[in-house]
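One structure is given here, and the rest of the page talks about it.
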Protein chains: 2
Amino acid sequence: MPFTAYDSETCSIARTLALVGDRWSLLVLRDLANGVRRFDELAGHLGVARTVLSQRLARLVDAGLVERVAYRDNGARERHEYRLLGPGRELAGILLAFLAWGDRHLAGPDGPPAVPRHADCGAPVRLVLTCDDGHELGPRPRLRLEPGPGSRLAATQ
Amino acid sequence: MPFTAYDSETCSIARTLALVGDRWSLLVLRDLANGVRRFDELAGHLGVARTVLSQRLARLVDAGLVERVAYRDNGARERHEYRLLGPGRELAGILLAFLAWGDRHLAGPDGPPAVPRHADCGAPVRLVLTCDDGHELGPRPRLRLEPGPGSRLAATQ
DNA sequence: GCCGCTGAGTATCGAAAGGCAACTCAGCCG
DNA sequence: CGGCTGAGTTGCCTTTCGATACTCAGCGGC
């Protein structure tokens, strides 16, 4: 059965991309993961249009990746900030994969612009690809997607 | 120094997103990694507009992730297909990270729609996050991006 | 008590990107 | 010679994006 026999949109890659696969969502999540929490800070740092930021945050809140939390600065009026929830924090793997690839292929001669570290021990962090037989796969793994229990056949063709 | 002091676009995450961070590029790469190589097959399976597919393939070829190779079916005229190059195959980590997240959070009750396997031994494959001190970080790692040698300060502010 | 400031958005409008359908183009086959 | 097929390109329309301007709520100063 060729790969094209399976519905493209059912795949978890496609579903996840539909949620966060635009130009800005992952950058918003990156900033949230690094302590940038307020609307104007996000807009200023990312350079995203405020309308778009507003929509993206609403979508992320809706999907349960982010929560909107009230706060109050020293005698200022109550405002809201955005914080990662558990599912949002689990996106770290995606962000690290982007980071690692960019470091290998798009970094300038000075080296990587940013290094991810374990917040608890301070050591650099890396993603490792292993298979259940215990092989460690290198950076260019040969692998194949096979249909799982939730697979569906493509509607057309 | 707060995270916002560093230029958002210099980050490898931002650079990689600028290259493949749209609705379709990663799906094209997913299909290429699974043996779908021809323009019409890709267009049909993904449901992407042919114009957009054409642009995306051109960009991927340009960036060196994909090559355009001539082939000839039994006595048909020469045509071209698209194949992953090394840097394109290295995107597997990104695809697997999307897949894993989607399986955890967006899969239906039937389970994951697709399972990634090591092409050599057939065993399922997974991404593991470790730090250089040997800790294995769980699915919700607490980590922080710190400036690396190639970091740059933000232009404004 | 009014004024203006600030953070956090919405409104509006032109520009860019995406999608659909129709057209082109090259060569093989009958 | 005319049609078929794979691989795009062209044109047109719709949706999304981005920039600027406006709103809104409350606090602090005067």
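Please treat every number below as a calculation from the coordinates, not as lab data. Because the structure is predicted, anything quoted here is derived from the model rather than measured. Neighbour counts are summed over all protein chains in view; Cβ atoms, including those assigned to glycine, are modelled from backbone coordinates with ideal geometry.
Brief remarks follow.
- Inter-copy label distances at B:Leu85 (7 Å, Cα→Cβ; nm, one decimal): 4.3
- Inter-copy spacing of A:Asp132 label points, which lie 7 Å from Cα along Cα→Cβ, given in nm from shortest upward: 3.3
- Check: chain B dipole with +1 on Lys, Arg Cβ and -1 on Asp, Glu Cβ, in debye: 340
- Helix axis angle, B:50-62 relative to chain B longest principal axis, alpha carbon, degrees: 60
- Positive-end residue of B:Ser25, B:Gly47, B:Gly88, charge dipole of the range B:1-89 with Cβ unit charges: B:Gly47
- Considering only A:Arg77, A:Arg104, A:Arg23, the mean-square fluctuation computed in a Gaussian network model of chain A, springs between alpha carbons under 10 angstrom, is largest for A:Arg77.
- Label geometry 7 Å along the beta-carbon vector: A:Arg104 inter-copy distances in nm: 2.2
- Candidates A:Asp31, A:Asp103, A:Asp73, ranked by Gaussian network fluctuation over chain A, Cα under 10 Å, top entry: A:Asp73
- The phi-based Karplus calculation (6.51 cos²θ - 1.76 cosθ + 1.60; θ = phi - 60°) puts the 3J(HN,Hα) values of the range B:135-149 at 5, 9, 8, x, x, 10, x, 9, 9, 9, 7, 10, x, x, x Hz, whole numbers, x for Gly and Pro.
- In chain A, the DSSP-assigned H stretches of four residues or longer account for a calculated mean residue ellipticity at 222 nm of -10500 deg cm²/dmol, using -39500 (n - 2.57) per stretch and the full residue count as denominator.
- In this structure, the amide hydrogen of A:Gly148, modeled 1.01 Å from its nitrogen in the peptide plane, lies closer than 5 angstrom to those of B:Ala114, B:Val115, counting only residues at least 5 positions away or on a different chain.
- Under the shape rule built on the C-alpha gyration tensor, where the axes satisfy a ≥ b ≥ c, the protein assembly as shown is prolate, since a/c reaches at least 1.5 and a/b is greater than b/c.
- Between B:Leu137 and B:Leu129, B:Thr130, B:Cys131, the built amide H atoms are under 5 Å apart, and every one of these is 5 or more places off in sequence or on another chain.
- Top positive-direction residue, dipole computed over the range A:98-157 with Cβ charges, set A:Cys121, A:Phe98, A:Ala154: A:Ala154
- Nonlocal amide H pairs with B:Val66, under 5 Å, H built at 1.01 Å: B:Val61, B:Leu85
- Taking the C-alpha atoms only, the angle from helix A:92-105 to the longest principal axis of chain A is near 80 degrees.
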